[in-house]
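**Student:** This is the structure, below, for whatever I ask next.
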Amino acid sequence: MHSPRTLYQKHIDSHTVCALDDQGHVLLYIDRQVANEYTSPQAFSGMRDAGRKAWRPSATLAVVDHVNPTAPTRVAAMPDAGGARQVSYFEENCRDFGIELFDVLDKRQGIEHVVAPEQGFILPGMVVAAGDSHTTTYGALGAFGFGIGTSEIEHLLASQTLVYKCLKTMRVTVNGLLGPGVTSKDIIMALIEKIGASGATGYAIEFAGPAISDLSVEARMTICNMAVEAGARGAFMAPDDKVFAYLQRKPRAPQGQLWEQAVATWRGLHSDEGAVFDREVTLDVATLEPMVTWGTSPDQAAPVGGHVPDPAAQPDLILRQGMQRALNYMGLEPGMPLSDVVISHAFIGSCTNARIEDLRDVARVVRGKRVAAHVRAMIVPGSTMVRDQAEDEGLAQIFLDAGFEWRQSGCSMCLAMNDDVLAPGDRCASSTNRNFEGRQGAGARTHLMSPAMVAAAAITGHLTDVRTFALEA
Amino acid sequence: MQPFAIVSGSAAPLLAANIDTDVIMPKQFLKGIDRKGLDKGLFFDLRFLESGEPDPGFILNQPAWSEAAFLVVGANFGCGSSREHAVWGLKQVGIRALIGTSFAGIFYDNCQRNGVLAIQLTEDQLKQIAALTSNPATARISVNLPEQTIELADGNVIPFEIDELRKQSLLLGLDAIGTTLQRAEQIRQFEARHLAENPWLV
């Protein structure tokens, strides 16, 4: 008999090829990898230089997402030489190493962390690594996903394993039920604000509690996705019937007898009664308000009804200087009501919040309304399949009628590696995950919030509590 | 990989918390398919003015630290994007080790894989180092990995901890993939059993 184990320990135990020392290093077997065009080229070059083959090519799915344009009409050509070279080298690498690729013209193309779940490529109990920090998203399916650098991508391609140091465990119990207009984005933003941008560094987070159970699978993805902004190297949740129902319809999910066998195994994927976590955090969300960031780190956030904080009230010198620098960059004054902050851009997209449910949330806010005259508002669906579904459901027409740009899929202005870049001084309400200096363009200012909150800001032209809008069911 | 043993040089303090990899290596330098030219991109928006001239206020542009071998950094250094370009850029300007209180997980692993030593100290120890290295006259330090010590300009010696596995790999400049593939047979056996027990993973 095992002593009670956490979900994390179960994943690690079932994927450990061998222990490498007595300090927690193991050789960890990785079930799946997702690859993109910008973090993988040097890994493939290393494989070529050493004359190595991919250990298990079918374990990797490749998707072009970071550098491609999202202009409303899709074309295969990249507008810049660097992006074109990355895409063509990616195609060459996938062909030579036998890896399946969704290129920009593929009907299944999209942001890797939207595409992999919607294809059923990620299943409960898996350990997944990918060259992108938001690989934590897969935790919503009961898989343990984490981001790795390019050297590790090469290691993984060559051996299907990683030299891995086991993490400490943190359980975040989320109590209470969300009020209308408040979303899972607000839960994770409130957690990051509470524990800080490095509050979970060195930890794997397991989310639990009634508020998590109540969320849809897509809403849970938003939470696991952004847990990395608190420093978590992985974040997940025990899979439940909602997860199984979500997966059953997916193209690559197991079928028939194999499905039954898989679900029976997956039902055992939860922390045992009495399992001990290194740290416990509790969050009550019954009175949570929609959150917005005011600074340049995801933990610099406040309820939308609040004010820009005063650095003078911060006793720690380094933190005070950090707040001052953030306010200078953001062009905000201490004490200013957050709802007075006027925006120039609204962006709905990213692996955090560009799934079909996010777009339905946006449609409920903007139906029959118009984007404020001074705002450029863009919607970049998380995948081409999400885009098609939104068109089938009539959402795209609602967006276009309201004055939004309805674009093709990609990472786009979340990190602005393609041609969707803000100019210095632009101020953007954004459904993305990082408000770092220069993230959406040098000198540009980002306010993170839920997709519904971005929609409300797009209509009024300033940060706005979406709960003041009459939401259609 | 370049082995790390004893390295001496100046140490530049960059003490703001949460310096992210977007700031270390901005997006316009991520479009390559090799590792070249990233020295130009390192801290680009901090190092250069809008005119393109170096910003004299930025520490790595000042004579005492322009050849720095070390950065003394604030909490959660390297947070955000997984881009290893940030570490490649640091290496290309000659940074051999980072000294801080905490590092973001992916960045910390990226340092290790590139032979850049990331040393974690207590806040008090970091303050001691930052106070001395902020002064051009006492900015030089010596990092001794075999002994796990940092020698300061005033003669004080600060010990640090590091996992033995990481230490050996840095000391020897080991190729991690080659080391792992020595266990290829063990991986193959594990994989066969794992896929047989979980046939939906195939």
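Every number here is computed from the coordinates shown, using simple stated rules; none is lab data. Bear in mind the structure is a predicted one, so any value in this text is a computation, not a measurement. So basically every Cβ, Gly included, is an ideal-geometry build from the backbone, and we count neighbours across all protein chains shown.
**Student:** Please work out the Kirkwood hydrodynamic radius for the stretch A:291-468, using every pair of different C-alpha atoms, and report it in angstroms with one decimal place.
**Tutor:** Mean inverse Cα-Cα distance, inverted, gives 16.2 Å.
**Student:** Considering only the other residues whose Cβ falls under 14 Å of the Cβ of A:Leu28, what net charge follows from Lys and Arg at +1 and Asp and Glu at -1?
**Tutor:** So the surrounding residues net to -1.
**Student:** Using bins 5 angstrom wide from zero, how does P(r) for the stretch A:7-280 break down, in % of all Cα pairs?
**Tutor:** 1, 6, 12, 16, 18, 17, 14, 9, 5, 2, 0, 0
**Student:** Please give the calculated 222 nm ellipticity per residue for the protein assembly as shown, where each DSSP H segment of at least 4 residues contributes -39500 (n - 2.57) and the sum is spread over every residue; nearest 500 deg cm²/dmol?
**Tutor:** Per the formula, -9500 deg cm²/dmol.
**Student:** Per residue, what volume in Å³ does the convex hull of the Cα atoms of the stretch A:404-473 enclose?
**Tutor:** Output value, Cα hull per residue: 105 Å³.
**Student:** Loop-only trypsin sites (Lys or Arg not before Pro) in the stretch A:202-274, please: DSSP not H, G, I, E or B, and at most 11 other Cβ atoms within 10 Å.
**Tutor:** A:Arg249
**Student:** By how many nm would the segment from A:Gln257 to A:Thr468 lengthen if fully extended, with 0.36 nm per residue of separation less the alpha-carbon distance?
**Tutor:** 71.0 nm
**Student:** Right, something else. How big is the equivalent ellipsoid of the stretch A:286-392 along its three axes, where each semi-axis is √(5λ) from the Cα gyration tensor, reported in whole Å from largest to smallest?
**Tutor:** 32, 15, 13
**Student:** Using the Cα atoms of the stretch A:75-176, I'd like the radius of gyration and the largest Cα-Cα distance, Dmax, both in angstrom.
**Tutor:** 16.3, 52
**Student:** For B:Ile162 paired with A:Ala286, estimate the spin-label separation in nm (one decimal), with each label point 7 Å from Cα along the Cα-to-Cβ line.
**Tutor:** 5.2
**Student:** Are there any trypsin sites (Lys or Arg not before Pro) in the stretch B:1-53 that are in a DSSP loop and have at most 15 other Cβ atoms within 10 Å? List them by number.
**Tutor:** Of the trypsin sites (Lys or Arg not before Pro), the ones in loops of the stretch B:1-53 whose Cβ has at most 15 other Cβ atoms within 10 Å are B:Lys36.
**Student:** From Cα pairs below 8 angstrom and at least 6 apart in sequence, can you work out the relative contact order of chain A, rounded to a whole percent?
**Tutor:** 17
**Student:** Using the reciprocal of the averaged 1/r over all distinct C-alpha pairs, how large is the Kirkwood radius of the stretch B:23-88 in Å?
**Tutor:** After inverting the mean inverse Cα-Cα distance, the result is 13.0 Å.
**Student:** Then there's this: Just to be sure I understand the curve: with the Debye formula and one point per C-alpha of chain B, what is log10 I(q)/I(0) at q = 0.14 Å⁻¹?
**Tutor:** Debye curve over Cα of chain B, log10 I(q)/I(0) at q = 0.14 Å⁻¹: -0.84.
**Student:** GluC sites (Glu not before Pro), restricted to the stretch B:32-114: which are DSSP loop and have at most 13 other Cβ atoms within 10 Å?
**Tutor:** Of the GluC sites (Glu not before Pro), the ones in loops of the stretch B:32-114 whose Cβ has at most 13 other Cβ atoms within 10 Å are B:Glu50, B:Glu67.
**Student:** Provide a whole-number value for the mean count of partner chain Cβ atoms within 10 Å of the Cβ atoms in peptide A:22-28.
**Tutor:** 2
**Student:** Taking the Cβ of each residue in A:Asp49, B:Asp20, A:Asp272 as the centre, tally the other Cβ atoms inside 10 Å and list the residues starting with the fewest.
**Tutor:** Ranked by crowding around the Cβ, least crowded first: A:Asp49, A:Asp272, B:Asp20.
**Student:** Roughly what % of Cα-Cα distances in the stretch B:40-121 sit above 21 Å, to the whole percent?
**Tutor:** Counting pairs separated by more than 21 Å, the tail of P(r) holds 27 percent.
**Student:** I'd like the Karplus ³J(HN,Hα) series for the stretch A:274-281: coefficients 6.51, -1.76, 1.60, θ = phi - 60°, whole numbers in Hz, and an x wherever there's a Gly or Pro.
**Tutor:** Result, ordered by residue: x, 5, 9, 9, 5, 8, 10, 10 Hz.
**Student:** R0 = 41 Å: FRET efficiency of A:Val75 with A:Ser14, Cβ-based, nearest 0.05?
**Tutor:** In this case the efficiency is close to 0.40.
**Student:** Ordered by residue, what ³J(HN,Hα) values in Hz, to whole numbers, does the stretch B:113-122 give under the Karplus form 6.51 cos²θ - 1.76 cosθ + 1.60, where θ = phi - 60° and Gly and Pro are x?
**Tutor:** 5, 10, x, 8, 7, 10, 9, 9, 10, 7
**Student:** Taking a point 7 angstrom from the Cα of A:Lys107 along the C-beta vector, which residues in the stretch A:68-101 have backbone N less than 17 Å away?
**Tutor:** Hits in the stretch A:68-101 for A:Lys107 at 17 Å: A:74, A:101.
**Student:** So, one more: Please grab the % of Cα pairs in the stretch B:88-202 that end up more than 24 Å from each other.
**Tutor:** That fraction is 43 percent.
**Student:** Which whole-number value in Å³ per residue fits the convex hull of the alpha carbons of the stretch A:19-77?
**Tutor:** Taking only Cα atoms, the stretch A:19-77 has a hull volume of 153 Å³ per residue.
**Student:** Mind checking Rg over Rh on the stretch B:1-61, alpha carbons, Kirkwood formula for Rh?
**Tutor:** Expressed as Rg/Rh, it is 1.01.
**Student:** For the pair B:Asp154/A:Ala313, report the inter-label distance in nm, with labels modelled 7 Å from Cα in the Cβ direction.
**Tutor:** Label at B:Asp154, label at A:Ala313, 3.6 nm between them.
**Student:** I've got another one for you. Work through the residues other than A:Pro451 whose Cβ is under 12 Å from its Cβ and net out their charges, Lys, Arg +1 and Asp, Glu -1.
**Tutor:** So the surrounding residues net to -1.
**Student:** Using R₀ = 45 Å, calculate the FRET efficiency as 1/(1 + (r/R₀)^6) where r is the Cβ-Cβ separation of B:Glu185 and A:Asp241; round to 0.05.
**Tutor:** E between B:Glu185 and A:Asp241, to the nearest 0.05, is 0.65.
**Student:** Summarise the partner chain shielding of B:152-160 as one whole number: the mean count of Cβ atoms from other chains within 10 Å of each residue's Cβ.
**Tutor:** If you average over the peptide's residues, the count of other-chain Cβ atoms is 0.
**Student:** While we're on this one: May I ask for the Kirkwood hydrodynamic radius of the protein assembly as shown, worked out over all distinct Cα pairs and given in angstroms to one decimal?
**Tutor:** Over the protein assembly as shown, the inverse of the mean reciprocal pair distance is 25.3 Å.
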